[in-house]
1. Would you pull out the residues with amide H under 5 Å of THR2's amide H, same chain only if 5 or more places away, H placed 1.01 Å from N?
2. Which value in nm describes the separation of the simple spin-label points at ASP16 and ALA64, placed 7 Å from the Cα toward the beta carbon?
3. Under 1.5 on a/c is rounded, so check that first for the chain, then, if it is not, pick prolate when a/b is larger than b/c and oblate when it is not; a ≥ b ≥ c are the square roots of the alpha carbon gyration tensor eigenvalues.
4. About its Cα centre, how strong a charge dipole does the chain have in debye, to the nearest 20, once Lys and Arg get +1 and Asp and Glu get -1 at the Cβ?
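The numbers here are math on the coordinates, done by the rules we state, and not lab data. This is a predicted model, so every value here is computed, not measured. Note that each Cβ is placed from the backbone with ideal geometry, even for glycine, and that neighbours are counted across all protein chains shown.
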Amino acid sequence: MTEFERYLRRATQYHDDHPDQREGQAAFNQLKRERPDLAAEIRGTDLDPFDDSERLPAFLDHLATRMTRTVHLHPGKATA
């Protein structure tokens, strides 16, 4: 599993756990939790989906190119 695939799983779960947030908000908030460096890089740019969920496809495309590490899942937790 790649880091990006793990992020997608966690972002989906985060949105499920926070239904009051739009998809873009939840996706960005999960990124901020996992990769604050990437969140800081994207914040306020045309890729930032926090205030505009229509930016989500471009945001995810960008993350897919940046989050390329392979991660290994262990029972009950994910590690990098």
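1. Answer set, sorted by chain and number: VAL71.
2. Distance between label points: 2.2 nm.
3. Working: a/c = 2.12, a/b = 1.37, b/c = 1.56.
Oblate shape, in that a/c is at least 1.5 and b/c is the bigger or equal ratio.
4. Details: 12 positive and 15 negative charges, 96 e Å.
That gives the chain a dipole magnitude of about 460 debye.
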